[in-house]
Amino acid sequence: MTNVIGRFRFMDAQRVNLDGFAVEDASIGLIAFNSPADPVPSLVIDAGGRVIEMDSRSAADFDILDEFIARHGLDLAVAAEAMATTDLAYARMCVDPNVPRAELVRLAAGMTPAKLASCLALLRPVELGLAMTKLRARRTPSNQAHVTNRSDDPLLLAADAATAAAFGFREVETTVPVLGDAPSNAVAVSIGAAVGSPGVLVQCSVEEALELEMGMRGLVSYAETVSLYGTEQVFVDGDDTPWSKAFLTSAYASRGVKMRVTSGGGAEALMGGAEGRSMFYLESRCVALARAIGAQGVQNGGIDSASVAGSVPGGVRSLMSENVMVMARGLEACTGNDALMSESDVRRTSRTLPILLAGSDYVCSGFGSIQRYDNMFGPSQWNAEDIDDFLVMQRDWGVDGGLRTAAEPHVAALRTRAVEAVRAVYRHLGLADFGDDWAAQAVDAAGSKDVPAAELMAPLIASRIIRETAVTMLDVVAALYETGFEVEAGRVLDMLKARVAGDYLQTAAIFDESMRVLSLITDPNDYAGPGTGYLPTPDRQAEIDAVRQQRSVEDLRREQAGHRSDQLRVVGPAVAGSDPREVVVGVSPAVAREVWVTLSGLTVVEALRELLAGLEEEGCFGRVVRVNDTIDLGMIGLRAARLSGSGIGIGLQGKGTALIHRRDLPPLANLELYSVAPSIDGPLYRLLGVNAGRHAKGATPEPARNPYSDEAIEARYHTKVVALVGIERGCCEPSQPPQELAVQR
């Protein structure tokens, strides 16, 4: 396009315009809520207790989804009451603290898909947050990580799984770029997770038959790849039915493998089978199916089709509404935030933040704890590049998103042990022998690009041996124990024991680090308005608050003390000068006591040398005094000017802010001001000295200007400024006169 004005050329270059946005089109399913083709809610039950009409369709016209939901997905004992409840009444109950969660779940059990969708579509964004806070199954929020890499490198997978556990993830999901590598990936991630923490659940997301095989061998502990769809056509295209999905669900559970199903608004539109229905209605059918087939939970909120839902008006709201729908059905909610919905940091944050604030069984169904390029599911909504941001978001709002800050020495030790454990097990079982270079690179690596020693055939060969020799997780336990990794052997064995007990098959179950099961049964959500529900314990809150970037005043004192110098020292009391070429530089009370370096990184001595050199360039000379009775820069500069023979003074705070003052001006006036201390470098201080000299001579200087920066200077430096001001205030002595300082040149 030609002749586009600059403002729009600039806007077009922003990352949000890499996203696709669709004109709403109900005919192909590009509509979030309330398609003209969505059915009117209805339910008719004959005298024999048989559903003969559901959502405006008679039993004779039921498709396979209707049939399954009608037979297995409705609580007919409560259906009449539920269907008679108005949409608005139920929506208001969702946000009313006087209505308990159990009552909402009871009524939802009798609602048809169209009815529940119609009710929840009324919730506004803030109301969705209130509803989610009350409706989630488990009281304690948690989070799930993706741990994958482009090479299926077992050593890197183990190191990254241990790292994910150190950051607090209670589930770790891996997958493969090469299907044949799956058993090796499952073993490596399971070992690494056990190094990081007891009780971390592990999944290897691959084709269902292989995943079930690995589950039966104990190589993984949960699954979520059983996908549901909202139209019969898409089910048939995938050679599936609700009955086959129910069979798979039972197969996993019968072998002690926790599982949840996966669905998400926009999937049917993406596959060309939406039948003109809205994304939210079709997802309501999926969630009703999930309840009907006996799954304990649902991973939804777009998932792979999140960008489809996000492309239409109200689509992001529909994704969160899907999650609330799962909770209303009494199921575990693994709330999307999985596939990268947008290239805009603002949009992806806006999609996740309401869920983080409300709390969820799993805030992310796959936070990419590895780098974007190594995420073999495709980039997640959140990746390793974003961990610090996520941790700070938790801290900002004081909420629990399931993660914690991990100290570098601790993570380094875990990565080393995870790598050594996998080396030992693979060698013991005859799967592979990893070299020292490979191991060292995996420990240090930020991603697979940092491990050039990795051999791509190694995981494939190891996987073939695992399958051919029928390696089970008990063999891994024995190998860990016999090679000196007794703690990890015990943790893996505990997971196998837990499968026999079966308690973690409860709805929304996770293990804490003491191997206690937290679930709908043992840790039920008890939110009932302000003052109730989950609050982090004091220890957990301290963990949330303690991000690695935080600094205390004492940290700053130690940092400043590291720059202590004898090049700036007191030589006696300061007296008024008389030489018209003299300019006095006044410094703040903490200079040469506790403050030695400015915010820009220049030492105070270096800044003073530049100021004095600038004065000399103009044929003037400087004298340095410390003003002890005030920290106000204007007063410091004015005191310096009144001590100066020329009547011109320079004020310099320890943090680096500087100005030129004149003896006859009010304290808050000045001739020139450098207000952005972090941006002031040596040449700028020299220029300020030059200009002070020109003012002293009665010349007209060229005003110096603060350098421009689009950096968030306040966010980066203001906490340090507060600490420095506190230190300065502590050094302020109201009765102490100015002192002259000598600067070693």
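Would you order I69, I5, I31 from fewest to most other beta-carbon atoms within 10 Å of each residue's own beta-carbon? Provide the component values of the computation, followed by the final result.
Working: I69 23, I5 8, I31 28.
Ordered from fewest to most neighbouring Cβ atoms within 10 Å, I69, I5, I31 come out as I5, I69, I31.
Using 0.36 nm times the number of residues separating A22 and V553, minus their current alpha carbon distance, what extension gain do you get? It would help to have the intermediate numbers written out before the result.
Details: separation 531, 0.36 × 531 = 191.16 nm, distance 5.16 nm.
Full-extension gain reported as 186.0 nm.
So, R0 is 60 Å and r is the distance between the beta-carbons of S58 and L353; what FRET efficiency does that work out to, to 0.05? Please list the in-between numbers first.
Values: r = 44 Å, r/R0 = 0.73.
In this case the efficiency is close to 0.85.
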Notebook entry, point to check: Classify the stretch 647-700: rounded, prolate or oblate, from the alpha-carbon gyration tensor (a ≥ b ≥ c, eigenvalue square roots; a/c under 1.5 rounded; otherwise prolate if a/b is larger than b/c)?
Noted result: oblate
Next item on the list: Please identify every one of the GluC sites (Glu not before Pro) in the stretch 189-222 that sits in a loop by DSSP and has no more than 14 other beta carbons within 10 Å of its own beta carbon.
Entry: E207
Next item on the list: Show the residues, 5+ positions off or on another chain, whose built amide H is closer than 5 Å to the amide H of G297.
Entry: V261, E332
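Over the stretch 555-743, what is the percentage of antiparallel beta bridges among all DSSP beta bridges, to the nearest 5?
Details: 17 of 28 bridges.
The antiparallel fraction comes to roughly 60 percent.
With charges only on Cβ, +1 for K and R and -1 for D and E, what is the dipole size of the stretch 555-743 about its Cα centre, in debye, rounded to 20?
Working: 21 positive and 23 negative charges, 63 e Å.
The calculation lands at about 300 debye.
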Check: Each residue of the stretch 370-375 in turn: what ³J(HN,Hα) in whole Hz from Karplus with 6.51, -1.76, 1.60 and θ = phi - 60°, glycine and Pro shown as x?
Finding: 9, 5, 3, 5, 9, 8
Check: Relative to the Cα centre, what is the charge dipole magnitude of the stretch 1-157, using +1 at the beta carbon of each Lys and Arg, -1 at the beta carbon of each Asp and Glu, and rounding to the nearest 20 debye?
Finding: 840
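Can you list which of the GluC sites (Glu not before Pro) found in the stretch 299-345 are DSSP loop residues with at most 16 other C-beta atoms within 10 Å?
Working: sites: E322, E332, E343; in loops: E343.
When the GluC sites (Glu not before Pro) of the stretch 299-345 are filtered for loop state and at most 16 Cβ neighbours within 10 Å, E343 remain.
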Checklist line | Using θ = phi - 60° and Karplus 6.51 cos²θ - 1.76 cosθ + 1.60, couplings along the stretch 92-99 (whole Hz; Gly, Pro as x) | finding: 5, 4, 4, 10, 7, x, 7, 9
Notebook entry, point to check: Taking a ≥ b ≥ c as the square roots of the eigenvalues of the Cα gyration tensor of the stretch 555-743, is the shape rounded (a/c under 1.5), prolate (a/b larger than b/c) or oblate?
Noted result: oblate
Check: What residue among Y373, M83, G529 has its Cα farthest toward the positive end of the dipole of the chain, where the charges are +1 on Lys, Arg and -1 on Asp, Glu, each on the Cβ?
Finding: G529
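Can you give the longest stretch of the chain with no exposed loop site, where a site means chymotrypsin sites (Phe, Trp or Tyr not before Pro) in a DSSP loop (not H, G, I, E or B) with at most 14 other C-beta atoms within 10 Å? Write down the numbers at each step before the final one.
On the way: sites that count: F21, Y708.
Result, exposed sites excluded: 22-707.
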Notebook entry, point to check: So if R0 is 41 Å, what FRET efficiency would V4 and V392 give, r being the distance between their Cβ atoms, rounded to the nearest 0.05?
Noted result: 0.65
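What's the exposure ranking of I521, I680, going from fewest to most Cβ atoms within 10 Å? Before the final figure, lay out each step's value.
Working: I521 14, I680 25.
Fewest to most other Cβ atoms nearby, the residues stand as I521, I680.
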Check: Hey, got a sec? Which trypsin sites (Lys or Arg not before Pro) in the stretch 208-314 land in a DSSP loop and have at most 14 other Cβ atoms within 10 Å?
Finding: R255
Next item on the list: Could you list which residues have their amide H under 5 Å from that of Q144, counting only those 5 or more apart in sequence or on another chain, with H placed in the peptide plane?
Entry: V363, C364, G366, F367
Item checked: Given charges at Cβ of Lys, Arg, Asp, Glu: the stretch 555-743 dipole, positive-most of G577, Q653, A692 -> G577
Check: Charges only on Cβ, +1 for Lys and Arg, -1 for Asp and Glu: so what's the dipole of the chain about the Cα centre, in debye to the nearest 20?
Finding: 2320
Checklist line | Per-residue HN-Hα couplings for the stretch 292-305 [Karplus 6.51, -1.76, 1.60; θ = phi - 60°; Hz; x = Gly/Pro] | finding: 5, 7, x, 5, 7, x, 9, 9, 8, x, x, 6, 5, 9
Notebook entry, point to check: Of the beta bridges DSSP finds with both residues in the chain, what % are antiparallel, to the nearest 5?
Noted result: 45
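We did not get these values from a lab; they are worked out from the coordinates using the rules stated. Keep in mind that what you see is a predicted model, and the values were worked out from it rather than measured. Note that each Cβ is placed from the backbone with ideal geometry, even for glycine, and that neighbours are counted across all protein chains shown.
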